[in-house]
Amino acid sequence: MKPETIAIHTAQPIDPATGAIVPPIVLSTTFERAPDGTFPADYEYARDNNPNREALEKVMMKLEQGTKAFAWASGSVAMMSVFQALSPNDHVLAPTDLYHGIRVMLLELFVPWGLSVDFVDMTDLNAVEETIRPETRLLVLESPSNPQMLIANISALADLAHANNAYLVVDNTIATPIFQTPLTLGADFVVHATTKYLGGHSDVMGGMLVAREHNPIVEKLEFIRTIGGAIPAPFSCWLTLRGIQTLAHRMRFHAENAQTIAEHLESHSAIEAVLYPGLSSHPSHSLANQQMSGFSGVLSVLVKGGSEKALSIIANLQVILRATSFGGTHTLVEHRASIPNSTAPDNLLRFSIGLEHVDDLIADLHQALDK
Ligand SMILES: *Cc1c(COP(=O)(O)O)cnc(C)c1O
């Protein structure tokens, strides 16, 4: 089945008790044993498993074409669990342009815990190869990266990781499985902040990890989750799965709006550069074309002038909202350099292009840029 159909039909059967076509939310934390001590439906305790979580995992496993999926309470804890599955003295290679929270997590939590970490430009394969060490166990990649929209070669990095006895984990939050399936390019794990496009409406937090095949990390993740319990609530799983039903259609519209806006902004005199993989001016446009089938709805612009100019532009916006995060229906803008620990340039504005009519968004951008 195609993603549009998987999203609607996989693991969401008609409820046998009522005939409801929308699955009920199961809030029970505990499930009764049969007289012989077994569990009739295989559910025992909600930290171990829950029907809403299981349905969400099955859909994500199919969409990402993996063999095992784990739903987590946030995108951050999905990634954190991968680091926890490593051992002290292991070495991690992470990208220089990395979601700032994951960067802080590595430096402040996992370096003291015993991991060693290097940050390297993942678009430079020679630099990656030179930074790999015998203790390197994990390569972390975001492609497209947040917020600089860098594109790295997923299959080349997977080969490099495997030749060095390491795993490759790809944060696929921006592309989503509609536009990119890293496991089919050789990555070992895909991670998502489902808080973004998968939920899709800025109203539910969650994370997801999908593994290409069984391996010792998968085994450890199972243990970490059951013993730690960083799980999403049943209602969060239900909302995320509802969002996924329209994912393919939303993604095409996000991408179409973003492409139109990127092309418009590129020719505006107040803009120094537009960072969007769908533009032929993007340094990795042809690589993006090879490994992605669309370019999603996040784009960044570098404005002429510094921080002050960037902040004054967004102060004048009337339709576009000044808020963090991305992937929802509303168009959002953020001055990333204002966030503590961000490594974003001073004049960078990151836009999450929403599902409003593109003419209204362009009009809003023009009135703010021309003021
Ligand atoms: C938002 C985000 C995260 C963190 O996810 P949360 O659900 O906010 O914890 C990780 N990676 C990327 C690329 C993100 O955009």
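The values are calculated or read from the model by the stated rules, or taken from the named source; none is laboratory data. The structure presented is a predicted model; accordingly, all values stated were derived computationally and were not measured. Note that each Cβ is placed from the backbone with ideal geometry, even for glycine, and that neighbours are counted across all protein chains shown. Heavy atoms of the whole protein, side chains included, go into the accessibility calculation; ligands, DNA and RNA do not. Shrake-Rupley method; radii C 1.70, N 1.55, O 1.52, S 1.80 Å.
What to note about this one:
- Flag for LEU98 being open to solvent by 70 Å² or more (accessible area, probe 1.4 Å) and in contact (Cβ under 8 Å) with a residue 12 or more places away in the chain: no
- Scanning segment 54-74 for residues that are more than 14 Å from VAL190 (Cβ to Cβ) and either of a type in the set (Phe, Trp, Tyr) or within 16 Å of the ligand (Cβ to nearest atom) (or both), we see that the one that is most open to solvent (accessible area, probe 1.4 Å) is ALA73.
- Residues in segment 181-199 that are part of a loop (DSSP other than H, G, I, E, B) and away from the ligand (no atom under 13 Å from the Cβ): THR181, GLY186, ALA187, ASP188.
- Among the candidates MET122, MET105, the residue that is at negative phi, buried (at least 16 other Cβ atoms within 10 Å of the Cβ) and within 11 Å of the ligand (Cβ to nearest atom) is uniquely MET105.
- Some residue of segment 170-177 being more than 10 Å from the ligand (Cβ to nearest atom), touching a residue at least 40 places away in the same chain (Cβ under 8 Å) and surrounded by fewer than 24 Cβ atoms within 10 Å (Cβ to Cβ): no
- The lone criterion from (1) under 12 Å from the mean Cα position of the chain (by Cα); (2) of a type in the set (Gly, Ala, Ser); (3) more than 16 Å from the ligand (Cβ to nearest atom) left unmet by SER155 is number (1).
- Restricting segment 311-330 to residues that are more than 16 Å from the ligand (Cβ to nearest atom), without any contact (Cβ under 8 Å) to a residue 40 or more places away in the chain and under 26 Å from the mean Cα position of the chain (by Cα), the residue that is least open to solvent (accessible area, probe 1.4 Å): LEU321
- Residue check, THR343 polar (S, T, N, Q) and under 24 Å from ALA255 (Cα atoms): no
- Subset of segment 243-285 (residues that are assigned to a helix (DSSP H, G or I), open to solvent by less than 20 Å² (accessible area, probe 1.4 Å) and β-branched (Val, Ile, Thr)): ILE244, ILE261
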